[in-house]
1. Given the chain reduced to its alpha-carbon atoms as identical point scatterers, what log10 I(q)/I(0) does the Debye formula return at q = 0.08, 0.09, 0.11, 0.13 Å⁻¹?
2. Looking at the stretch 1-147, I'd like the Rg to Rh ratio, where Rg is from alpha-carbon atoms and Rh is Kirkwood's inverse mean 1/r.
3. If you stretched the chain out fully between residue 22 and residue 253, how much longer would it get, using 0.36 nm times the residue separation minus the C-alpha to C-alpha distance?
4. Using amide H atoms built in the peptide plane, which far-off residues or other-chain residues are under 5 Å from residue 389 H to H?
5. Would any residue of the stretch 197-219 have its amide N under 20 Å from a label point 7 Å out along Cα→Cβ of residue 164? List them or say none.
6. How many times 2.2 N^0.38 Å is the alpha carbon radius of gyration of the stretch 306-397?
7. Can you report the principal axis dimensions of the stretch 276-459 using only the alpha carbons, biggest first, rounded to whole angstrom?
8. Please report 77, 235, 178 as a ranked list, fewest other C-beta atoms within 10 angstrom at the top and most at the bottom.
Amino acid sequence: MRVFIASIATETNTFAAAPTGAGSFSVERANDPENWEPDNPWRAMLQSLAEESCHEITVGLLADAQPSGVVVREVYEELRDELLEDLRSAMPVDAIMLPLHGAMVADGYPDCEGDILEHIRQLVGPDVAIGVELDPHCHFTERMRSNADIVVAYKEYPHTDVIDRFKEVWQLTLDAAEGRISPVIEMADCRMVGFWHTNREPMQSFVGKMKSMEQQTGILSVSFGHGFPYGDVPEAGAKVWVVGDDNPGAAARLAKSLRDEVWAMRDDTRPEAIGLDEAMKRLTSVNDQGPTVVADVADNAGGGASSDSTFILEALREGGLTNMAIGPVWDLGAIAVCREAGLGARLMLRVGGKCGPLSGLPIDLSVTVRALEPDHRQSILGAGSISCGYSAWVSTDDGTDLVLISRRQQGYATNLFTDLGIELGSKHAIVIKSSHHFYADFAPLAADVLYVTTPGLLRSDFENIPYLHRDMNFWPRIDDPFRTD
Ligand SMILES: [Zn+2]
């Protein structure tokens, strides 16, 4: 079999002010893999197919960008056209595999993935099998459904199963290409906006149930797309879809029954988020059994935030709390100052609060530059590592450690801190700018984990998000969005 693999992926926060332009995308041109970064996550993805070497695999454009605002139209069109040109060069192919995100929005393109799939379908015709892997924080659209044969979302959040699902997409797509299955995709809309943590109940069991349903005759794959709350597009929201084998009725019935289960669990699956005052109360009262991990969910770069807000840092300082670790703080100016001052320098440093009102005000700290690292990297969900760019560890005089980075991204792993030399086990609290992906790596050392809401781009009051394009009949804005049916 001749198989083509390519990707353009980002998660667009349509409320973010900063556009996603050409400089935001890291692009791997696969004809040239020896020049990839050694720990590039794409390597792990492609190596997972190593045992499939009996097939002829051509890898096309692989582009991804840290979430931010709407993608610049020309940038999206150029990337899409390059991917299509790579496909044209690889043709004829029997199957196409696309690890995408599912929530990319470009100027004039509310559904980039649907647009990519439609172009590919037009190019290769109806007989080539197209398989797609999506992030569950996707907008699963009719255009995606009708132009792909197989669509599978990761089941876990934190996304610890990217490679497992990728291998499933591979197998199902080849099965379709070789005529062993006749996939049909049926979807049920949950009419909900939210986040679903799958490492705790009842979602843990629900993931188990989805997997057990895949053992049923005629059911090939079950996905729960959580949706991305900060993408304001017509088809946004949580959805369940089922890939059935030549039996649309059974697939539709299962999608609807699992949708009803997601709906029934709504109050138990809502992640707990507390305000800053409550967080300060808890941080002040805990005895140190180990660090309390504080998730700064509103400032998660992984959802398009700037990762430089100072609301929590300000509250910690006002509350007189010390012995903290905080990161990653995206602050190019502060890093430039630290580089200029040099290792060991003591200086007044203005940190954070640079990107607008949702970042809060900059804070002036007396610090020592403890580490400078030109290419600091952090692990990413067991699938390689990503560069934080030039990074610095600075310590305040009263014992708070900050990690400053120059490539904006969320905090995934403890080595964001420890590889710079920061010891985490004895900290009173670790403030991590992330909504939930941090959990897998930080939970083992945490005495407690607090999800804290502050002003910021990733607000937790979904009912008040000022959508202009999506259907407003959704929970929790409407108590029962199914009432009118
Ligand atoms: Zn996601």
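1. Normalising to I(0) and taking log10 leaves -0.48, -0.61, -0.91, -1.23.
2. Details: Rg = 14.8 Å, Rh = 15.6 Å.
Result: Rg/Rh = 0.95.
3. Values: separation 231, 0.36 × 231 = 83.16 nm, distance 4.30 nm.
Residue separation times 0.36 nm, minus the Cα-Cα distance, leaves 78.9 nm.
4. Amide H neighbours of residue 389, under 5 Å, 5+ apart: 376, 407.
5. 197-217, 219
6. Working: Rg = 13.6 Å, N = 92, 2.2 N^0.38 = 12.3 Å.
Ratio of Cα Rg to 2.2 N^0.38 Å: 1.11.
7. 39, 38, 32
8. Ordered by Cβ neighbours within 10 Å, fewest first: 178, 77, 235.
Where a number appears in this text, it was derived from the coordinates with a stated rule and is not lab data. It should be emphasised that the depicted structure is a prediction, and the values quoted were computed from it without experimental measurement. A quick note on method: Cβ atoms are made from the backbone with ideal geometry, for glycine too, and the neighbour counts reach across all protein chains shown.
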